[in-house]
Structures are given as structure tokens and as C-alpha cells.
Amino acid sequence: MTVNCNWAARLRQPVFVWGTAALATQLVVDWLFEYRHPRSLPWAFLGFLPALMWILVIAGFVRAFLTSDELQQRIHLQAASIAFVLTVVLTLVFAGLARSGIYQGSWSDLGSPLMLLLLIAYVFSAWRYR
């Protein structure tokens, strides 16, 4: 399988399209829940929509990994490794802030940044092999 190496083709891959849609969904739902207090069942399902979108990003990332050649698989693995290390660092920072009483984060504070770090790490890894 030949992969076009220009940046426009990389950014049109499903993992980036789903990532952009998930980020937009996350921002819209966070904004809606900040100004409106959901009390009905459809609002509760709307709150689950960003998680579903991020799950689709993960599925797209795995699908792209499984259907690519060795170089692209190496880029995907490096991106996942970079994102993992950065997420561990972010978790340790949040734990330190919680212990010192400065900021009490939640699990949702790590989910979206993890996925955003994964997409940024993929762009960085792909740039290294251009």
C-alpha cells in the first residue's frame, strides 16, 4: 500500500477527521453543560457523546495502524509511546497538585488531553520521517 506523504493527505485521514470532530464535540458539550444544567435523559446522553467520539478516534487510530505498512506502523507506535509518556507526566503533575491542595482534577481532565497529545505526537512522529 502506497501512502501519500504530503501533509494534506495525512490530515484527511479518518483518525484526524474523527479527532477534530471529537474535539469540537467536547468543546460544545462542555460549553452547553457550563451554562445549562441537564435534568433530562437526552441531556445525559449528550454528556456521553464526547466519550463516544474519542472512542471512535481510538478505533480509527487502531484501524490505521493495522492497515498500514511497517514505516507507518512505526510512526503510530512512536506516537502512542510519546502520548503515553506525556500522559503519565500529566497524571503525576495532577497528583502533585492534588496533594498540595492547589487543584483537584478529575478523570475527565486527562481523557481529552491524552487524545489531543496522541494526535500531536502522530504529527511530530510523521514529521520526523518526512
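Some observations on this one:
- When segment 1-20 is limited to residues that are part of a loop (DSSP other than H, G, I, E, B) and not charged (D, E, K, R), the one that is modelled with the highest pLDDT turns out to be Q13.
- In segment 44-64, the residues that are of a type in the set (K, R) reach residues that are part of a helix (DSSP H, G or I) with C-beta atoms within less than 9 angstrom, at least six apart or across chains, in these pairs: R63/P14; R63/V15.
- The residues of segment 21-39 that are within 30 Å of F65 (Cα to Cα) and either among the aliphatic types (A, V, I, L, M) or at pLDDT below 85 (or both), listed by number, are A21, A22, L23, A24, L27, V28, V29.
- Residue within segment 93-102 that is surrounded by 11 or more Cβ atoms within 10 Å (Cβ to Cβ), of a type outside the set (D, E) and within 22 Å of R12 (Cβ to Cβ) present: no
- Counted residues, segment 109-130 - those being polar (S, T, N, Q) and over 12 Å from the mean Cα position of the chain (by Cα): 1
- Positions within segment 23-58 being loosely packed, with under 13 Cβ neighbours inside 10 Å and over 16 Å from the mean Cα position of the chain (by Cα), in sequence order: W31, E34, Y35, R36, H37, R39, S40, L41, P42, A44, F45
- The residue list L90, L77, L66 contains one member that is farther than 17 Å from D30 by Cβ, within 19 Å of the chain's Cα centre (by Cα) and surrounded by 16 or more Cβ atoms within 10 Å (Cβ to Cβ), which is L90.
- Y122 vs. criteria out of contact with any strand residue (DSSP E or B) (no Cβ under 6 Å at 6 or more places or on another chain), of a type in the set (F, W, Y) and over 25 Å from A24 (Cα atoms): no
The values are calculated or read from the model by the stated rules, or taken from the named source; none is laboratory data. Note that the structure is a prediction, hence the values are computed from the model and not measured. Positions of Cβ are generated from backbone atoms using ideal geometry, with glycine treated the same way; all protein chains shown enter the neighbour counts.
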